[in-house]
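Reviewing the structure listed below.
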Amino acid sequence: MSEQPAETLTDLDRARLDLRCELLTSGLLIESSVPGLYGRSGQFEDIVDGIDRVVRAAGPGSEAIRLRFPPMLPRSDFERTDYIASFPNLTGAIHSFTGTNADHARMLADRSEGKSWDGYLEPADTMLVPAACHPAYPMFTGALAEGGVLLDVYGYCFRNEPAVDPARMQAFRMHEFVVIGDPDTAANHRASWIDRGLQVLDDLGLEATAVVANDPFFGRAGRMLAANQRNENLKTELTIRLYGDLDEGTAVVSCNCHQDHFGATFGIETSDGSVAHSACVGFGMERIALAMLRTHGSDPRRWPAGVRSRMAL
Ligand code: ZN
């Protein structure tokens, strides 16, 4: 939670706190001791499942290879994505105990004295998944079949950004449609999903805007990466105003072209032997659910009939 005294809260801070309080009081989300980490109620999951029906209806269906990964990926794959260079502050690593009985006894003694004990843990071979599509790329090292591949990936992502804003969760789901293929296929995938994504949101009764965006690259070198991403028009976000005109809106869908980043990193080639390009569209399921609650009210039984029927609620 923010340590700011109440009088320094901005209107935006108050609006975020109000929404958070509403979601917790209604039981839709379940509070934990860590900001941005929530349990989900059955009713919240029904909303997410309903949104997913509309997302899938707009998606490639059986043309895509459907893949589901756990929320962890091998550290070796994580390293190859270069995520640690661009987003060290958002990274999540898994650690565990590999010591001896004597080490264990020392750890428990420290713990019982209220001292920190995590220094006894060693990095494991796994990291938390930062983006749903990342675990898929290592599968395609080598030459792709003609036309490339189209993937449907749905899973939990982790970003270390504790925040009061319920739209900024630390663990959340992305449903992604990913292509790996030639440069035109990747560029077209990103571009075509701007309109298709807006249509999905319109089908859900949500008013969204497409904006050119960049990832939150870390540090001074990151500012250049961010500028390149914007200049080359590689990322478009579909945003919804959860807090009226208090901010620029919240990104609920992201359309990204990675150019040859993952192709080069994971040694993926097109059928003619050139480095593959990739692109993905990601639907932020929890954020879309919050936008639904914000737009249509906290009781899904009273949402517009057309929206309820598309969601099969
Ligand atoms: Zn992705």
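The values are calculated or read from the model by the stated rules, or taken from the named source; none is laboratory data. Please read all numbers here as calculations on a predicted model, not as lab measurements. All Cβ positions, even for glycine, are placed from backbone atoms using ideal geometry, and neighbour counts span all protein chains on display. Ligands, DNA and RNA are stripped out before the accessible areas are found, and what is left, the full protein with its side chains, is counted by its heavy atoms. Shrake-Rupley method; radii C 1.70, N 1.55, O 1.52, S 1.80 Å.
Does LEU242 count as assigned by TED's automatic domain parsing to the domain that holds VAL212, in contact with an Asp or Glu (Cβ under 9 Å, 6 or more places away or on another chain), surrounded by fewer than 23 Cβ atoms within 10 Å (Cβ to Cβ) and within 22 Å of ALA85 (Cβ to Cβ)? So that I can check it myself, show each step before the final result.
Numbers: assigned by TED's automatic domain parsing to the domain that holds VAL212: yes; in contact with an Asp or Glu (Cβ under 9 Å, 6 or more places away or on another chain): yes; surrounded by fewer than 23 Cβ atoms within 10 Å (Cβ to Cβ): yes; within 22 Å of ALA85 (Cβ to Cβ): no.
No.
Based on what the data block shows, is ALA210 within 15 Å of the ligand (Cβ to nearest atom) and of a type in the set (A, V, I, L, M)?
On the way: within 15 Å of the ligand (Cβ to nearest atom): no; of a type in the set (A, V, I, L, M): yes.
No.
So, GLY39, is that one over 27 Å from HIS258 (Cα atoms), of a type in the set (Gly, Ala, Ser) and either in contact with a His (Cβ under 7 Å, 6 or more places away or on another chain) or exposed (fewer than 13 other Cβ atoms within 10 Å of the Cβ) (or both) or not?
Yes, satisfied.
Among (1) within 16 Å of the ligand (Cβ to nearest atom); (2) in contact with a Lys or Arg (Cβ under 8 Å, 6 or more places away or on another chain); (3) under 21 Å from MET285 (Cβ atoms); (4) not in a strand (DSSP E or B), there is one condition ILE194 misses while meeting the rest; what is its number?
Status for ILE194: all satisfied but (2).
Filtering the range 189-217 down to residues that are of a type outside the set (D, E, K, R), touching a residue at least 24 places away in the same chain (Cβ under 8 Å) and over 16 Å from ALA58 (Cα atoms), which residue is least open to solvent (accessible area, probe 1.4 Å)?
Kept after step one, since they are of a type outside the set (D, E, K, R), are these residues of the range 189-217: 189, 191-194, 197-201, 204-206, 208-214, 216-217.
With the extra rule that they be touching a residue at least 24 places away in the same chain (Cβ under 8 Å), the set shrinks to 189, 191, 193-194, 197-201, 204-206, 208-213, 216-217.
Still in the list and also over 16 Å from ALA58 (Cα atoms): 208-213, 216-217.
Working: ALA208: 31, THR209: 78, ALA210: 46, VAL211: 52, VAL212: 71, ALA213: 7, PRO216: 86, PHE217: 46 Å².
My answer is ALA213.
Among the residues of the range 218-236, is there at least one that is open to solvent by less than 40 Å² (accessible area, probe 1.4 Å), assigned to a strand (DSSP E or B), modelled with pLDDT of 95 or more and in contact with a helix residue (DSSP H, G or I) (Cβ under 8 Å, 6 or more places away or on another chain)? Before the answer, list the steps.
Of the range 218-236, the ones open to solvent by less than 40 Å² (accessible area, probe 1.4 Å) are 219, 222, 226, 229, 234-236.
The next check asks that each one be assigned to a strand (DSSP E or B); those that pass are 235-236.
Cutting the leftovers down to modelled with pLDDT of 95 or more gives us 235-236.
Filter once more, keeping what is in contact with a helix residue (DSSP H, G or I) (Cβ under 8 Å, 6 or more places away or on another chain): 235-236.
Yes, because at least one residue in the range 218-236 is open to solvent by less than 40 Å² (accessible area, probe 1.4 Å), assigned to a strand (DSSP E or B), modelled with pLDDT of 95 or more and in contact with a helix residue (DSSP H, G or I) (Cβ under 8 Å, 6 or more places away or on another chain).
How many residues are open to solvent by less than 30 Å² (accessible area, probe 1.4 Å), away from the ligand (no atom under 16 Å from the Cβ) and either over 17 Å from the mean Cα position of the chain (by Cα) or not hydrophobic (A, V, I, L, M, F, W, C) (or both) if we restrict to the range 144-170? Steps first, please.
Within the range 144-170, the subset open to solvent by less than 30 Å² (accessible area, probe 1.4 Å) is 144, 148-149, 151-153, 155, 157, 163-167, 169-170.
Keeping just the survivors that are away from the ligand (no atom under 16 Å from the Cβ) gives 144, 163-167, 169-170.
Now restrict to residues that are either over 17 Å from the mean Cα position of the chain (by Cα) or not hydrophobic (A, V, I, L, M, F, W, C) (or both): 144, 164-166, 170.
Total satisfying the criteria: 5.
In the range 268-276, is there at least one residue being within 16 Å of the ligand (Cβ to nearest atom) and within 28 Å of GLN170 (Cα to Cα)? Let's see the steps before the verdict.
Applying the first criterion (within 16 Å of the ligand (Cβ to nearest atom)) to the range 268-276 yields 268, 276.
Subset that is within 28 Å of GLN170 (Cα to Cα): none.
No, because not a single residue in the range 268-276 is within 16 Å of the ligand (Cβ to nearest atom) and within 28 Å of GLN170 (Cα to Cα).
Answer yes or no as to whether ASP260 is out of contact with any strand residue (DSSP E or B) (no Cβ under 8 Å at 6 or more places or on another chain), of a type outside the set (S, T, N, Q), open to solvent by 50 Å² or more (accessible area, probe 1.4 Å) and closer than 21 Å to GLY147 by Cα.
Values: out of contact with any strand residue (DSSP E or B) (no Cβ under 8 Å at 6 or more places or on another chain): no; of a type outside the set (S, T, N, Q): yes; open to solvent by 50 Å² or more (accessible area, probe 1.4 Å): yes; closer than 21 Å to GLY147 by Cα: yes.
For ASP260, the condition - out of contact with any strand residue (DSSP E or B) (no Cβ under 8 Å at 6 or more places or on another chain), of a type outside the set (S, T, N, Q), open to solvent by 50 Å² or more (accessible area, probe 1.4 Å) and closer than 21 Å to GLY147 by Cα - is not met.
Does at least one position in the range 300-311 carry a residue that is surrounded by fewer than 24 Cβ atoms within 10 Å (Cβ to Cβ), within 14 Å of the ligand (Cβ to nearest atom) and modelled with pLDDT of 95 or more?
Residues of the range 300-311 that are surrounded by fewer than 24 Cβ atoms within 10 Å (Cβ to Cβ), as a first pass: 300-311.
Retained after the next criterion (residues that are within 14 Å of the ligand (Cβ to nearest atom)): none.
No - not one qualifying residue is present in the range 300-311.
Restrict the check to the range 238-254 and report whether at least one residue is among the hydrophobic types (A, V, I, L, M, F, W, C), part of a loop (DSSP other than H, G, I, E, B) and either at pLDDT below 95 or within 16 Å of the ligand (Cβ to nearest atom) (or both).
Within the range 238-254, the first condition is being among the hydrophobic types (A, V, I, L, M, F, W, C), and the residues that meet it are 238, 240, 242, 246, 251-253.
Narrowing further to those that are part of a loop (DSSP other than H, G, I, E, B): 242.
With the extra rule that they be either at pLDDT below 95 or within 16 Å of the ligand (Cβ to nearest atom) (or both), the set shrinks to none.
Looking through the range 238-254, none of the residues is among the hydrophobic types (A, V, I, L, M, F, W, C), part of a loop (DSSP other than H, G, I, E, B) and either at pLDDT below 95 or within 16 Å of the ligand (Cβ to nearest atom) (or both).
Would you please name the residue that is least open to solvent (accessible area, probe 1.4 Å), looking only at residues in the range 128-143 that are assigned to a strand (DSSP E or B) and away from the ligand (no atom under 16 Å from the Cβ)?
Let us first name the residues in the range 128-143 that are assigned to a strand (DSSP E or B), namely 128, 142-143.
Still in the running and away from the ligand (no atom under 16 Å from the Cβ): 142-143.
Values: GLY142: 27, ALA143: 81 Å².
This residue is GLY142.
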